[in-house]
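See below for the structure under consideration.
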Amino acid sequence: MFLLKIFHYIKGVSEWTKRQNNAFSFVPTMGALHAGHLLLVEKAKALGRPVLVSIFVNPAQFNNAEDLQKYPRTLEQDLRLLHDAGVDAVFLPVTEDLYPTELPEVSLDLGSLENVFEGQHRLGHFAGVIKVLHRLFSALGPRDVFFGQKDLQQCLVVEKLIARFFPDIHQHNIPTRRDPQTGLALSSRNVRLSKQGVVTAGAINWSLQLALQGKTVDEGLTEARSYLENKGITIEYLDVVSLPDMLHTEEIVDKKTASVFAGYVEGVRLIDNHVFIDIPEITVF
Ligand code: PAF
């Protein structure tokens, strides 16, 4: 019978990583796993090396106590999914072990990413993401790491973290998996939406495409904004930006421009983005 190894402490998991000679793939998560996470696992497994998944609802990256408290936790189901997906080991850190009091602060210059979008609206969020990933990467030493492009700004922040501290780690950003019926980007937060909420939130995907299809960027954004407002979606931000700096742009360039959104449906905060690709990629569900 296939056995999923479960570790709670850095000591145990790092003995496992050393036994792999660090030739393993790592998928960090906050649990409440869905098909989007399983796609990351699938891509990690495709490299043919052992796969380690971590599940840790990282308090350091929540700027809102209620959001942290309401974050879905489905550990038993997560472990079953990871077992069935053929994951080799799971790390479920204990906060005091992961974050000992003497842990030094990580200083990383995020440039323009620091104060826009998620950086602006979730103060301290990226400092928390950097804290946990720096700790995990240092302790585990993975060769390949996997992230979902739904969190586009996070992918860009992780690129900076890796470039600065972990040049041997290879980062894989995996395209967003979407609900086939509505186009809604899969997210752990979607479980908090009603059936109607899921349908409504599907408009986010289409608005992001509209934003990239106007005669001008301004026109595209105006159309996208009124489309979302007509659906009753509250917009926190909606913009067209250049990559990788995520600054507003008026010019759409293949693979170097993205439309980005954050907002609320039924009180649930959702984010999404589309990277402009001249010949759209066909997603097969
Ligand atoms: O994207 C997430 O789920 C989290 O931000 C991450 C990368 C696991 C860090 O806690």
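Each of the GluC sites (Glu not before Pro) that DSSP puts in a loop and that has at most 12 other Cβ atoms within 10 Å breaks the chain; the longest unbroken stretch is 106-249.
Computed from the C-beta positions of Lys195 and Lys11, the FRET efficiency with R₀ = 51 Å rounds to 0.65.
Can you compute the FRET efficiency between His83 and Ala46 using 1/(1 + (r/R0)^6), with r the Cβ-Cβ distance and R0 = 25 Å? Round to the nearest 0.05. So the FRET efficiency works out to roughly 0.85.
Computed from label points 7 Å out along Cα-Cβ, the spacing between Leu68 and Asn115 is 2.6 nm. Taking all protein chains as they are arranged and a probe of 1.4 Å, the heavy atoms of Asp218 leave approximately 90 Å² accessible to solvent.
Explain nothing, just the number: relative contact order of the chain, from Cα pairs under 8 Å at least 6 residues apart, as a whole percent. Intermediate results must be reported in sequence, preceding the final value.
On the way: 491 pairs, mean separation 47.8, N = 285.
Normalised by residue count, the contact order of the chain is 17 percent.
For a paramagnetic label modelled on Glu236 (point 7 Å from Cα along Cα→Cβ), amide N atoms under 15 Å away belong, within the range 100-133, to 115-129. Excluding same-chain neighbours fewer than eight residues apart, the lysines reachable from Lys256 by a Cα-Cα span under 25 Å are Lys43, Lys150, Lys160, Lys215. Look at the dipole of the range 102-231 built from charges on Cβ: of Gln213, Gly183, Tyr227, the Cα furthest out on the positive end belongs to Gly183. Given Gln120, Asn64, Val94, which one lies farthest toward the positive end of the charge dipole of the range 1-153, if we put +1 on the Cβ of every Lys and Arg and -1 on the Cβ of every Asp and Glu? Farthest towards the positive pole: Val94.
Solvent exposure of the range 131-206, expressed per residue, is 42 Å² of accessible area, with all protein chains present and a 1.4 angstrom probe. For the range 151-222 and the range 7-76, what is the centre-to-centre distance using only Cα atoms, to the nearest Å? Each part's Cα centre sits 20 Å from the other's. With contacts taken as Cα pairs under 8 Å and at least 6 residues apart, the range 177-245 reaches a relative contact order of 23 percent. Specify the angular offset, from 0 to 90 degrees and rounded to the nearest 10, of the alpha carbon long axis of helix 217-230 from the longest principal axis of the alpha carbons in the chain. Roughly 80 degrees, rounded to the nearest 10.
The values are calculated or read from the model by the stated rules, or taken from the named source; none is laboratory data. These figures come from a predicted structure and were not determined experimentally. Cβ atoms come from the backbone with ideal geometry, glycine included; neighbour counts cover every protein chain shown. These accessible areas exclude ligands, DNA and RNA; they are computed on the full protein's heavy atoms, side chains included. Shrake-Rupley method; radii C 1.70, N 1.55, O 1.52, S 1.80 Å.
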